[in-house]
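The values are calculated or read from the model by the stated rules, or taken from the named source; none is laboratory data. Nothing here was measured: the structure is a model prediction, and the numbers come from that model. Methodologically, a virtual Cβ is constructed for each residue, glycine included, from the backbone with ideal geometry; neighbour enumeration extends over all protein chains shown. Calculation scope for accessible area: heavy atoms of the full protein, side chains included, ligands and nucleic acids excluded. Shrake-Rupley method; radii C 1.70, N 1.55, O 1.52, S 1.80 Å.
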Amino acid sequence: MSSDQIRISYLEEFAALAATLNYSKVAKSRYLSTSALSKHIVSLENSLGETLFVRNANSVELTPAGKMFYEGIEPILDQYRHFIDEFKSRAHGKEHQLQVYL
């Protein structure tokens, strides 16, 4: 998977893991096994060519690259979620202006 093919769901999973640093909690909230979540994170790291997390037997923490990626991707994900909410509202007949942020 190249960087232009990164799944939004993987970015959302990354952001949730970066915020909680808890694979089990994120996997459960996303209806995934911890193994599937781990594979998604590894796929994202491979696509980016960067290690985002340091994994130990009992803990996980962000690498410097992971911190930088989280700080950059979180506002983009917020804008994406806002756009989807606005789009759904408008598509369901609610009249208000759709805003797109670039």
Can you name every residue in segment 55-71 that is assigned to a helix (DSSP H, G or I) and open to solvent by 40 Å² or more (accessible area, probe 1.4 Å)? P64, K67, M68, F69, Y70, E71
Test: residue in segment 82-99 that is of a type in the set (D, E, K, R), at pLDDT 95 or above, open to solvent by less than 100 Å² (accessible area, probe 1.4 Å) and in a helix (DSSP H, G or I): no
Filter result for E74 (closer than 16 Å to A16 by Cβ, at pLDDT 95 or above and not hydroxyl-bearing (S, T, Y)): yes
Condition check: at positive phi, aliphatic (A, V, I, L, M) and open to solvent by 40 Å² or more (accessible area, probe 1.4 Å). Does L21 satisfy that? yes
Within segment 33-72, residues in contact with an Asp or Glu (Cβ under 9 Å, 6 or more places away or on another chain), among the aliphatic types (A, V, I, L, M) and touching a residue at least 12 places away in the same chain (Cβ under 8 Å) come out as L37, I41, L44, L52, A65
Subset of segment 25-61 (residues that are within 18 Å of E71 (Cβ to Cβ), out of contact with any Phe, Trp or Tyr (no Cβ under 9 Å at 6 or more places or on another chain) and among the aliphatic types (A, V, I, L, M)): V54
